[in-house]
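Student: Handing you this structure, nothing more for now.
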Amino acid sequence: MSKLYNFSAGPALLPHPVLAEAQAEMFDWHGSGLSVMEMSHRGREFMEIIHDAEADLRELLNVPAGYKVLFLQGGASQQFAMVPLNLMGEGGHADYLDSGHWSRLAIKEARRYGQVNVVASSEASAYTTVPAQGSYQGSSGASYLHYTSNETINGVQFPYIPDSGVPLVCDMSSDFLSREIDVSRFGLIYAGAQKNIGPSGMVVVIVRDDLLGRALPCTPTMLDYRVHADADSMYNTPPTWPIYIAGLVFKWLKAQGGLRGIAALNSEKAGLLYHAIDASGGFYRAPVAADARSQMNVVFRLADDALDEAFLAGAKKAGLVQLKGHRVAGGMRASIYNAMPVDGVKALVGYMQEFARQHG
Ligand code: PMP
């Protein structure tokens, strides 16, 4: 087993027990004599896998009746197009909140399909905050309001769910399943798999039934939510291996006490790391405003960025990898998704303190 602690923003680490189980079942899933990768997606075995994955996800998130759960391809980026294609409506318009890199990409893509109103932006803060609750109003007659609950690159996370009189659409890619949420507040949630769900190549979509069947006439068949909903994610060959691993991750999450259990651990981890930054006497700095700090992607800088390379090289030696910030943000970023053990964060904090002692 790897002795590294992997702080990558995604594809990110998976729980060791999940990898071990996948390894044990690699050649022969439950006595079927087949690897999951070789199975017919319409066969009895795979139907059991996808059914269990969906049931466990519904249980974890307490998904109310009246919502479809879809396992689709194309990553979260494809949702940037699918959302407006399906929900904007002919001649319609949509509201977006701009909180950083990923919401900007969603906005850019949606503009191809209709009018987009950016009703609030935290650009003026260099995306170190999110638009404040109550500081903006939706436009009249908008088809939906879209926001990004956690900006993976900037390391900002909404501390609240926006109120909207219209269907609320959320890119939850990087904080999905990290805490309890009230699904009934949302019209549609999507999340790319490679952070808290499983391997890349899949996106999970949770969509309220009344939002199906509204796609623009030009919508490609494969990008129509209703097509996938009617076929229970089996319109074409679905991403079978990611669905299987996701199912194992969901079972693992249930064993951690579900989302309440994992949320407590996530708070503990983020608390340890931000405390280490804040208590470093300025050696490390977290640029994000305290109330918008992400619990998943902890962005920080060294006061002296000439030390960045030494910091990263020493971390790697200590088995702490993938700490370099995104190329558009610079500095450091420690992604501490569900699968990161508390011990991994303690090891990082210990290293940071030691590095500061040596170089402060
Ligand atoms: N949204 C967010 C919040 C993300 O973090 C990412 C990927 N890091 C994406 C969208 C794009 O995801 P994908 O690469 O799966 O298309």
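Derivation of every value follows stated rules applied to the coordinates shown; laboratory data play no part. Keep in mind it's a predicted model, so treat the numbers as computed, not measured. Cβ: placed from backbone, ideal geometry, glycine included. Neighbour counts: every protein chain shown.
Student: How far is it, in nm, from the label point at ALA20 to the one at MET234 when both lie 7 Å from their Cα along the line to the Cβ?
Tutor: If labels sit at ALA20 and MET234, their model points lie 3.3 nm apart.
Student: Which order do peptides 185-194, 131-140, 72-81 fall in by mean Cβ count within 10 Å, highest first? Numbers along the way, then the final one.
Tutor: On the way: 185-194: 23.1, 131-140: 13.3, 72-81: 19.8.
Packing proxy ranking, top to bottom: 185-194, 72-81, 131-140.
Student: A follow-up question, please. Mind checking the full-extension length gain between HIS275 and CYS218? Use 0.36 nm per residue of separation minus the Cα-Cα distance, one decimal, nm. Numbers along the way, then the final one.
Tutor: Numbers: separation 57, 0.36 × 57 = 20.52 nm, distance 5.09 nm.
Gain on extension, HIS275 to CYS218, equals 15.4 nm.
Student: Does the chain classify as rounded, prolate or oblate by the C-alpha gyration tensor (a ≥ b ≥ c root eigenvalues; a/c under 1.5 gives rounded; else a/b over b/c gives prolate, otherwise oblate)?
Tutor: On the way: a/c = 2.12, a/b = 1.18, b/c = 1.79.
Oblate.
Student: Based on DSSP H runs of at least 4 residues, each adding -39500 (n - 2.57), what is the mean residue ellipticity at 222 nm of the chain after dividing by all its residues, to the nearest 500 deg cm²/dmol?
Tutor: Working: 9 runs with 121 residues, N = 360.
Helix contribution divided over all residues of the chain: -10500 deg cm²/dmol.
Student: Take LEU177, LEU211 and order them by how many other Cβ atoms sit within 10 Å, fewest up front.
Tutor: On the way: LEU177 25, LEU211 21.
Result, fewest neighbours first: LEU211, LEU177.
Student: Return P(r) of segment 258-359 (all Cα-Cα pairs; 5 Å bins starting at 0; whole %; ordered from short to long distances).
Tutor: Cα pair-distance distribution for segment 258-359, in percent: 2, 12, 25, 27, 19, 9, 3, 1, 0.
Student: If the limit is 20 Å between Cα atoms, which of LYS108/LYS324; LYS269/LYS346; LYS3/LYS346; LYS108/LYS195; LYS316/LYS346; LYS251/LYS316 go over it? Don't skip to the end; give the middle numbers.
Tutor: On the way: LYS108/LYS324 27 Å; LYS269/LYS346 8 Å; LYS3/LYS346 14 Å; LYS108/LYS195 23 Å; LYS316/LYS346 15 Å; LYS251/LYS316 31 Å.
Long pairs (Cα-Cα over 20 Å): LYS108/LYS324; LYS108/LYS195; LYS251/LYS316.
Student: Something else now. What net charge do the residues around VAL118 carry, taking every other residue with its C-beta under 14 Å from that of VAL118, with Lys and Arg at +1 and Asp and Glu at -1?
Tutor: On the way: positive: ARG104, LYS108, ARG111; negative: ASP95, ASP98, GLU109, GLU123.
Residues near VAL118 contribute -1 overall.
Student: Count the net charge of all other residues whose Cβ sits under 14 Å from the Cβ of GLY261, scoring Lys and Arg as +1 and Asp and Glu as -1.
Tutor: Numbers: positive: ARG179, LYS251, LYS254, ARG260, LYS269; negative: GLU59, GLU180, GLU268.
Around GLY261, the charge tally is +2.
Student: Using a Förster distance of 25 Å, how high is the FRET efficiency between ALA290 and SER77, based on the Cβ-Cβ distance and rounded to 0.05? Working shown, then result.
Tutor: Details: r = 30 Å, r/R0 = 1.22.
Result of the calculation: an efficiency of 0.25.
Student: Shifting gears a bit: How many angstrom lie between the Cα centre of segment 154-169 and the Cα centre of segment 42-99?
Tutor: Centre-to-centre distance over Cα atoms comes out at 17 Å.
Student: Give the calculated FRET efficiency between TYR136 and ALA55 to the nearest 0.05, with a Förster radius of 51 Å applied to their Cβ-Cβ distance.
Tutor: Working: r = 38 Å, r/R0 = 0.74.
For R0 = 51 Å, the calculated efficiency reads 0.85.
Student: Among residues other than VAL342 whose Cβ falls under 11 Å from its Cβ, what is the net charge (Lys/Arg +1, Asp/Glu -1)? Could the numbers behind the result be given before it?
Tutor: On the way: positive: LYS269, LYS346; negative: GLU268, ASP343.
Local charge sum for VAL342: 0.
Student: Mind listing the Cα extents of segment 84-151 along all three principal axes, in Å, largest one first?
Tutor: For segment 84-151, the Cα spread along each principal axis is 35, 23, 17 Å.
Student: Now, a different point. Using Cβ contacts closer than 10 Å as the measure, can you line up ASP308, ASP163, ASP175 from fewest to most? Please report the intermediate quantities before stating the final value.
Tutor: Values: ASP308 17, ASP163 11, ASP175 27.
Listed from fewest to most nearby Cβ atoms, that is ASP163, ASP308, ASP175.
Student: Taking the Cα-to-Cβ direction at ARG44 and at ARG260 and moving 7 Å from each Cα, how far apart do the two end points lie in nm?
Tutor: 3.8 nm
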